[in-house]
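The values are calculated or read from the model by the stated rules, or taken from the named source; none is laboratory data. What you see is a predicted model, and the numbers here were worked out from it, not measured in a lab. Virtual Cβ from ideal backbone geometry, glycine too; neighbours counted across all protein chains shown. What goes into the accessible areas is simple: the full protein's heavy atoms, side chains included, and nothing from ligands, DNA or RNA. Shrake-Rupley method; radii C 1.70, N 1.55, O 1.52, S 1.80 Å.
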Amino acid sequence: MRFFILSLFAALLPAQEVCPSTPLFSVCDITFDAGSDTITQLHAEMKSPKFKTALVHAFHSEGTKWIIRVAPVDAGIYEFRLTSNVPRFNGQKGSFEATASEHPSFIRPANAHHWVHPETLTPHLWVSGINHQRVSLNLADTPETMRVVEQQVREVNTKGMIADLSLAPSTEAILRKFPDRNERSKWIQLVVSRFAAFDITWLIADQFEGNLGARALLKEIGLQLKSLDPYNHPRSTGAQWTSSPLLADGWMDYINIGSKDDALTAVEHQFYTRPFVTSTKAETNPDAFRKKLWNTTMSGSYPGFAGGDTAALKAWQEVFSDTRFWELQPYFDVDGGRAVALPGIEYIVYVEKPSGPVEVLVEKHGYDIYWINPANGESTKAKNFKGERFVSEPPSANHDWVLHISRDGRKSRVAKSYRFTYGQFLPQEIEQNTTKVPFEITEPTEDVLKSGQQVRFSSKLKRETRATRDMKYIWTGEVVSDGQGFRVLGIGSDATLKLPADLTSKFPSVLNIRLSSINANGKAYSQDKVFRLEQ
């Protein structure tokens with residue numbers, strides 16, 4: 001019966017090749033030969049075996065060939081109906097069969113700061129060089145250049161990796177090549193038609209800061225991707241500092257961090273319920289790479305940088321593959337290191353510079369204790385611990401260490417549970433009451449600042465406590481009336497910073513400077529100061 005149905009549909013579709021049985025989450029190309037006809041419209045309304053529908057546009061491949069490209073997400077028979085300006089295609093119907101596969105499905109954000117394969121409810125441990133690889137489209141818009149990028153994406157997927165597809169080097173480059181909005185829209189539709197069926201994430205530009213029209217442009221493209229992509233692949237943009245200024249525009253799924261200073265992520269992680277991916281250039285020195293990798297993780301971000309020390313990267317992956325990583329959050333009841341934890345289940349502590357005992361406050365249970373060398377993954381099991389206050393020194397002081405405090409028995413009982421029920425994260429309320437904020441902005445002292453000016457920013461603690469012994473600060477600036485969003489100006493309690501030109505195009509304006517911070521306990525604070533900004 002199935003063969004009869006497929007044969008009947010094929011007979012109804014002249015000059016068309018339907019793909020053979022296609023495994024779930026892999027590419028099915030339905031090919032058309034336009035012959036002497038000029039195609040100006042060709043799309044299919046695709047209906048899954050579960051009666052979910054999606055509109056998929058065709059793209060020109062080569063010569064007279066056109067392709068409708070899909071990726072089935074439900075096993076069974078997919079049916080489609082064509083709409084076209086070419087009469088012999090218009091209204092025709094077809095089908096293909098989708099078969100089961102071992103692919104766990106395309107990823108989506110979950111648990112506030114993590115990733116999940118939603119069809120199988122299995123967590124995803126994002127790590128570039130292991131299961132993610134960047135591919136650059138670089139504004140390609142012809143079949144010839146797109147085929148080259150397509151082959152790169154195919155190769156990445158064939159290796160079992162997700163292709164993080166960057167569309168352009170900058171927002172400025174997009175505007176130079178496609179100054180007309182209609183032309184940009186056609187290009188994005190073409191990009192989605194050609195690449196959405198692959199296992200990808202979207203990165204609109206490698207960097208967005210520096211262009212006055214960046215926010216509006218990214219919102220335009222981001223919302224179009226959100227509308228056209230039937231698989232809802234994760235969307236973000238690259239940044240010199242962070243893509244968080246664009247989060248309120250409703251198109252971005254995760255925050256991309258470009259700063260080398262993980263203090264930025266540590267602060268922002270307390271503000272936003274989105275996954276973080278750090279995409280800085282990899283350190284070439286093995287020690288520097290390893291320390292960057294672990295400090296990035298302790299700040300609450302996934303490593304989006306690759307090309308560093310392979311042994312350290314694999315050791316990192318092995319450690320976290322043995323955890324409930326999709327529920328871990330930065331943890332602050334620790335001295336002598338930095339930590340992420342699922343309280344009551346497990347605690348991961350990174351000790352970058354061993355110099356005495358490491359102290360971790362834990363929920364009162366019995367725990368298995370492991371000391372791990374992050375350079376090679378070698379693990380040493382220590383004496384089991386029961387109590388609420390764990391204190392111990394690393395095995396040696398000649399390199400960094402990872403401490404894993406784990407309730408192995410409890411974890412084994414819930415090892416197959418991916419229900420995302422533990423450790424739900426809620427962003428904390430940022431303390432802005434000046435009487436409770438433990439610091440104050442002391443510079444600039446003048447009331448008028450100039451765009452592009454080098455400005456001294458500084459702050460001082462109003463009181464010193466155990467909690468203020470480790471404060472992480474970020475400076476941001478925003479001209480609210482111009483709608484460009486805020487920009488990160490710098491990191492640290494004191495810095496000489498240049499006011500970026502893309503804050504506003506209107507002068508004079510009111511510039512709001514904000515100093516945001518978290519203390520050693522993870523408590524978030526912010527203080528604002530207003531200036532007149534002139535050109």
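For this structure, a couple of remarks:
- When residues in segment 343-356 are screened for being assigned to a strand (DSSP E or B) and among the hydroxyl-bearing types (Ser, Thr, Tyr), 2 of them pass.
- Residue count for segment 428-454 under the criterion of being under 20 Å from residue 472 (Cβ atoms) and of a type in the set (D, E, K, R): the result is 5.
- Filter pass, residue 189 being touching a helix residue (DSSP H, G or I) at 6+ places or on another chain (Cβ under 9 Å), surrounded by fewer than 19 Cβ atoms within 10 Å (Cβ to Cβ) and either in contact (Cβ under 8 Å) with a residue 60 or more places away in the chain or within 29 Å of residue 310 (Cα to Cα) (or both): yes
- In summary, residue 238 fulfils each of the numbered conditions (1) assigned to a helix (DSSP H, G or I); (2) touching an Asp or Glu at 6+ places or on another chain (Cβ under 6 Å) with the single exception of condition (1).
- Within segment 364-386, the set of residues being outside any loop (DSSP other than H, G, I, E, B) and surrounded by 13 or more Cβ atoms within 10 Å (Cβ to Cβ) comprises 365, 367, 368, 369, 370, 371, 372, 379, 382, 385.
- Every condition in (1) part of a strand (DSSP E or B); (2) more than 29 Å from residue 167 (Cα to Cα); (3) among the aliphatic types (A, V, I, L, M) holds for residue 116 except the one numbered (2).
- Among (1) open to solvent by less than 40 Å² (accessible area, probe 1.4 Å); (2) farther than 29 Å from residue 62 by Cα - the single one residue 164 does not satisfy: (2)
- Scanning segment 121-159 for residues that are open to solvent by less than 60 Å² (accessible area, probe 1.4 Å) and in a helix (DSSP H, G or I) yields 143, 146, 149, 150, 153, 156, 157.
- Within segment 472-516, restricting attention to residues that are touching a Phe, Trp or Tyr at 6+ places or on another chain (Cβ under 7 Å) and in a loop (DSSP other than H, G, I, E, B), the residue that is nearest to residue 266 (Cα to Cα) is 492.
- Residues satisfying the stated conditions in segment 249-280, i.e. in contact with a Pro (Cβ under 8 Å, 6 or more places away or on another chain), part of a loop (DSSP other than H, G, I, E, B) and not charged (D, E, K, R): 254, 269, 270, 271, 272, 273, 275
- For segment 267-286, a tally of residues being modelled with pLDDT of 95 or more, closer than 16 Å to residue 473 by Cα and either aromatic (Phe, Trp, Tyr) or open to solvent by 10 Å² or more (accessible area, probe 1.4 Å) (or both) returns 0.
- Search result, residues across segment 326-337 that are out of contact with any Phe, Trp or Tyr (no Cβ under 6 Å at 6 or more places or on another chain) and part of a loop (DSSP other than H, G, I, E, B): 328, 332, 333, 336
- Among (1) open to solvent by 20 Å² or more (accessible area, probe 1.4 Å); (2) modelled with pLDDT of 95 or more, the one test that residue 46 misses: (1)
- Condition check for residue 340: in contact with a Pro (Cβ under 6 Å, 6 or more places away or on another chain), in a strand (DSSP E or B) and open to solvent by 30 Å² or more (accessible area, probe 1.4 Å): no
- Matching entry among 134, 69 (being in contact with an Asp or Glu (Cβ under 9 Å, 6 or more places away or on another chain), more than 24 Å from residue 23 (Cβ to Cβ) and at pLDDT 95 or above): 134
- In this entry, residue 417 is excluded by the filter for residues that are at pLDDT 95 or above, open to solvent by less than 60 Å² (accessible area, probe 1.4 Å) and out of contact with any His (no Cβ under 7 Å at 6 or more places or on another chain).
- Enumeration of residues in segment 192-216 that are among the β-branched types (Val, Ile, Thr), part of a strand (DSSP E or B) and in contact with a helix residue (DSSP H, G or I) (Cβ under 6 Å, 6 or more places away or on another chain): 204
- Among the residues listed as 323, 296, 284, the single one being outside any loop (DSSP other than H, G, I, E, B) and over 13 Å from the mean Cα position of the chain (by Cα): 296
- Cross-chain or 6+ apart pairs with Cβ under 6 Å, segment 135-148 first and closer than 19 Å to residue 185 by Cα, then among the basic types (Lys, Arg): 139/177; 146/194
- Scanning segment 463-516 for residues that are of a type in the set (Val, Ile, Thr), within 21 Å of residue 240 (Cβ to Cβ) and open to solvent by less than 50 Å² (accessible area, probe 1.4 Å) returns 474, 476, 479, 488, 491, 504, 513.
- Per-region count, segment 338-352, residues of a type in the set (D, E, K, R) and in contact with an Asp or Glu (Cβ under 7 Å, 6 or more places away or on another chain): 1
- Applying a threshold of 6 Å to beta carbon distances and a minimum spacing of six or more residues, or different chains, the list of pairs starting in segment 73-87 at a residue that is within 26 Å of residue 108 (Cβ to Cβ) and open to solvent by less than 20 Å² (accessible area, probe 1.4 Å) and ending at one that is outside any strand (DSSP E or B) and not polar (S, T, N, Q) reads 74/49; 74/50; 78/72.
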